[in-house]
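A.B. asks: Okay, here's the structure, questions in a sec.
The values are calculated or read from the model by the stated rules, or taken from the named source; none is laboratory data. Since the structure is predicted, the reported quantities are computational estimates derived from the model, not experimental observations. Quick reminder, even Gly has a Cβ in these numbers, built from the backbone with ideal geometry, and neighbours come from all protein chains shown. Please note that ligands, DNA and RNA were not included when accessible areas were found on the heavy atoms of the full protein model with its side chains. Shrake-Rupley method; radii C 1.70, N 1.55, O 1.52, S 1.80 Å.
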Amino acid sequence: MQIKTTRFGTIDVTEDKIINMPSGMLGFPDQKRFVVLQHKENSPFFWYQSVDDPALAFVITNPFLFKPDYQVDLEHTLKEMSWNGDGNNGHLELYIVVNIPKGSPDAMTGNLIGPILINNKVRQAIQVIVADSPYSHKFPLLGEQKS
């Protein structure tokens, strides 16, 4: 199928690449279908592009690349989504949303308290809200921020 995007123009996406988010993203509850697009070859960043809103796309990345000791208890989320399965979680991917301030890419931050969990087996995702967390929604991805 073809989807229109403001960043990439019209792109072809196969139906099996579309990820359904029953609850949408925080602040965008009506946007329920997304696709993950590679930013550049060998880049740690991806685009989480809305299928239905050409202008809505989030930069996402693997949190463990920037915070190797990152820990999130996903047990409740797995039960809530009925993703418990056989205990093999190789089909699950965890991403964080990245904020890149205009003109200051060195000040980019990642939202460690609102990660996106994608189940590639059933092509569904949920944004997990981590309560009572030692993490921040503005974790500096390139070291400590300068004042």
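A.B. asks: Which one of these is of a type in the set (A, V, I, L, M), within 14 Å of ILE118 (Cα to Cα) and in contact (Cβ under 8 Å) with a residue 12 or more places away in the chain: ILE60, ILE100?
C.D. replies: Within the list ILE60, ILE100, the selection yields ILE60.
A.B. asks: Could you look through region 86-118, keep only residues that are of a type in the set (S, T, N, Q) and modelled with pLDDT under 95, and pick out the one that is nearest to PHE66 (Cα to Cα)?
C.D. replies: SER104
A.B. asks: Which residue out of VAL98, VAL128 is under 15 Å from GLY24 (Cα atoms) and among the aliphatic types (A, V, I, L, M)?
C.D. replies: The conditions single out VAL128.
A.B. asks: Somewhere in region 59-68, is a residue more than 16 Å from PHE28 (Cβ to Cβ), among the aromatic types (Phe, Trp, Tyr) and out of contact with any helix residue (DSSP H, G or I) (no Cβ under 7 Å at 6 or more places or on another chain)?
C.D. replies: Yes, because at least one residue in region 59-68 is more than 16 Å from PHE28 (Cβ to Cβ), among the aromatic types (Phe, Trp, Tyr) and out of contact with any helix residue (DSSP H, G or I) (no Cβ under 7 Å at 6 or more places or on another chain).
A.B. asks: Taking region 25-48, which residues are within 14 Å of the chain's Cα centre (by Cα) and basic (Lys, Arg)?
C.D. replies: LYS32, ARG33
A.B. asks: Checking ILE129 against (1) open to solvent by 50 Å² or more (accessible area, probe 1.4 Å); (2) of a type in the set (A, V, I, L, M, F, W, C); (3) in contact with a Phe, Trp or Tyr (Cβ under 9 Å, 6 or more places away or on another chain); (4) in contact (Cβ under 8 Å) with a residue 60 or more places away in the chain, which single condition isn't satisfied?
C.D. replies: Here ILE129 meets the rest and fails (3).
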